[in-house]
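The values are calculated or read from the model by the stated rules, or taken from the named source; none is laboratory data. Given the structure is predicted, the values throughout are model-derived calculations rather than measurements. Cβ coordinates were reconstructed from backbone atoms using ideal geometry, including for glycine residues, and neighbour counts include every protein chain displayed.
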Amino acid sequence: MKRIFSRILLGVGCLSAYACGRTVPAEHEVAVVPQPAAVECGDGTFRLTGDTPVRMVGGAESDARMEWVADALDEVVEPLFGRKLSVGTGDASIPGAVNIGRADTLPQEAYRLTVADDRIEILAGGPEGAFHAVQTLRQLLPAAAFGEDGLRAVELPAVGIDDRPALAYRGLMLDVARHFFTVDEVKRTLDLMAMHKMNVFHWHLTDDQGWRIEIRKYPELTRVGSVRKRTLIGKDPGGEYDESCRYDETPYGGFYTQEEIREVVDYAARRFITVIPEIEFPGHAVAALASYPWLSCTGEQYEVRQTWDIDDRVFCPGREETFEFIEGVLDEVIGLFPSKYIHIGGDECPTKMWEQCPRCRARMRAEGLTRPRQLQGYATVRVERFLQRHGRELIGWDEVLDGGVSPTAIVMSWRGTEGGIRAARQGNRVIMAPTTYCYFDYYQTKDTSGEPLAWGGYLPLGQVYSFDPAAGLSPDERQFLLGVQANLWTEYIPDFDQTQYMLLPRLGALAEVGWGTATDDYDGFVHRMRRLTGLYDACGYRYARHAFVD
Ligand code: ACM
Ligand code: ZN
């Protein structure tokens, strides 16, 4: 895929401002992340002031979501000039204005941005594309203007940008189960995504260590399941829990009310980000089992988990009540999240309990299953049918392949890309999120002595940037590749400061991979990325400054 885009890039006037073939003042450099598909540098600058009008032209005004584009422009402009731009409508683009119009021939996310000395024009396939154009405009501001206020005017470099993403799905997963993040912090995460033109927020809402979404039919999930009585201090020894393990002896909890969930979904929609909820099933279930013991094979009363390793205690697929429960949960989830896709987890589900459970064994006999792992396939397919009856589609981690999965399920490949390749070969759609390129809970430096405790691993910026999600897929199989995703598991990420630190600047690299414009020119990427850190600073985002040199 990278190669395809390098060809497109070679067809235009300049690859990027620093390679423009002419000298431009540094403040007028065109340095955008993700790198646009095509950039043509022009002459001169456009003078943007607090009096510059915004004009919705050629049908753009009839799309209510274009209002969100105007809001996004205000978010860029208001901090500079201390006022919003006035928005009007008209038939055609006029001088002196930011003109925003629709081009029906373009895909929804595509846009053409022209900055001329007398006007700015944005032509977009849909409001999504216009929103991306505004994000590009933001990065065209002179770096000296980042974080400034009380300005009278800023000069934007003349440029023609023709842009669209290569991959439809450009995701970020945030685990809010191991550590909880407030609604405001989730919104800040969505802001970050929007800045990088990422469009899917995968919200990991349930796990062994906490259930974080209010389900009215099952109130114990949040009354009991959202709180663990204490948390392991330091690195998890992996199964060997003894007296040497220390705990903080402090209850830890949090959950989102349904009202708050709606607020986040709406906030995301206004930034053209889809929120996909993940409800883990049948593994990573201890918080749910602690809330309703009748969901497990043994019916024992468990506590919400206080350590991090994989847990044998999972939902019992031998019981009918388990399916009544998950359908009851998903009924409410479907009502809260308009996303076409619902993630049901499916990773790291040991079969140990099932092997000893008379109900699970009876289920295997009744369904003609010969291996306990096939119980996971049975459970996944059953849940998928439920989702399909409600017009939704299922995403599962790549383990869903092992138990047997229907051709309509979407596979999220995390244990390398092999699962994704296998899935695409059998006609399943695929999202690539392998540990080797996409696990942002890994360290970003080799020398970890000064780093906050992390899961382990080593994933520097350059490695993220080198990811080719289509590698190993034939041209025919590539049609099944929906996109890429960064994953942030938060066992060792206790606060939002550290969340940002782990995400940035690596999110920039993955954004460019998903946009399809990452090339072998890593130095060029770093150069553009360094400029973007000016915006990070202005927004108060925390990032790993040393990531560029490691
Ligand atoms: C995973 O990292 N367990 C999907
Ligand atoms: Zn069972």
Select from segment 398-448 the residues that are surrounded by fewer than 16 Cβ atoms within 10 Å (Cβ to Cβ), β-branched (V, I, T) and over 22 Å from Y458 (Cβ atoms) and list them in ascending order.
T408
Within segment 504-519, identify whether any single residue is more than 21 Å from L172 (Cα to Cα) and touching a residue at least 12 places away in the same chain (Cβ under 8 Å), and answer yes or no.
yes
Residue match in segment 132-155 (condition: under 17 Å from the mean Cα position of the chain (by Cα), buried (at least 20 other Cβ atoms within 10 Å of the Cβ) and among the small types (G, A, S)):
no
Only one of (1) without any contact (Cβ under 8 Å) to a residue 60 or more places away in the chain; (2) acidic (D, E); (3) more than 16 Å from ligand 2 (Cβ to nearest atom) fails for E348. Which number is that?
(1)
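Conditions tested, residue by residue: (1) among the hydroxyl-bearing types (S, T, Y); (2) within 15 Å of ligand 1 (Cβ to nearest atom); (3) under 13 Å from D347 (Cα atoms).
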site: P407; (1), (2), (3): no, no, no
site: G420; (1), (2), (3): no, yes, no
site: R429; (1), (2), (3): no, no, no
site: Y442; (1), (2), (3): yes, yes, no
Where residues in segment 220-252 are touching a helix residue (DSSP H, G or I) at 6+ places or on another chain (Cβ under 9 Å) and surrounded by fewer than 16 Cβ atoms within 10 Å (Cβ to Cβ), which of them is nearest to D184 (Cα to Cα)?
R223
Condition first: outside any loop (DSSP other than H, G, I, E, B), at pLDDT 95 or above and not aliphatic (A, V, I, L, M). Now tell me which residues in segment 46-66 satisfy that.
F46, R47, T49, R55
Just checking, does segment 275-289 include any residue being in contact with a helix residue (DSSP H, G or I) (Cβ under 7 Å, 6 or more places away or on another chain), within 30 Å of L73 (Cα to Cα) and away from ligand 1 (no atom under 16 Å from the Cβ)?
yes
Name the single residue that is farthest from the chain's Cα centre (by Cα) among those in segment 287-304 being under 25 Å from V183 (Cβ atoms) and surrounded by 24 or more Cβ atoms within 10 Å (Cβ to Cβ).
A290
Which one of these is farther than 21 Å from L205 by Cα, surrounded by 15 or more Cβ atoms within 10 Å (Cβ to Cβ) and touching a Cys at 6+ places or on another chain (Cβ under 9 Å): R361, R319, R313?
R319
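Please work out if P317 is within 16 Å of ligand 2 (Cβ to nearest atom), in a loop (DSSP other than H, G, I, E, B) and out of contact with any helix residue (DSSP H, G or I) (no Cβ under 9 Å at 6 or more places or on another chain).
no
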Answer yes or no: is there a residue in segment 353-370 that is away from ligand 1 (no atom under 16 Å from the Cβ), acidic (D, E), assigned to a helix (DSSP H, G or I) and in contact with a Phe, Trp or Tyr (Cβ under 9 Å, 6 or more places away or on another chain).
yes
Please verify whether segment 196-217 includes one or more residues that are more than 23 Å from G396 (Cβ to Cβ), in contact (Cβ under 8 Å) with a residue 12 or more places away in the chain and crowded, with 22+ Cβ neighbours inside 10 Å.
yes
Any residue that is in a helix (DSSP H, G or I), out of contact with any Leu (no Cβ under 6 Å at 6 or more places or on another chain) and farther than 14 Å from V32 by Cα - is there at least one of those in segment 525-532?
no
Quick one: in segment 371-397, of everything that is basic (K, R) and surrounded by fewer than 18 Cβ atoms within 10 Å (Cβ to Cβ), which residue is nearest to ligand 1 (Cβ to nearest atom)?
R373
Only one residue in D331, D347, D312 is within 16 Å of ligand 1 (Cβ to nearest atom) and out of contact with any Pro (no Cβ under 8 Å at 6 or more places or on another chain), so which one is that?
D347
I'd like the residue in segment 253-273 that is of a type in the set (V, I, T) and surrounded by 16 or more Cβ atoms within 10 Å (Cβ to Cβ) and, out of all such residues, is farthest from the chain's Cα centre (by Cα).
I261
Give me the residue from segment 351-376 that is closer than 17 Å to I310 by Cα and out of contact with any Pro (no Cβ under 8 Å at 6 or more places or on another chain) and, out of that set, nearest to ligand 2 (Cβ to nearest atom).
M353
With the structure loaded, tell me whether D520 is surrounded by fewer than 22 Cβ atoms within 10 Å (Cβ to Cβ) and part of a loop (DSSP other than H, G, I, E, B) or whether it fails that test.
yes
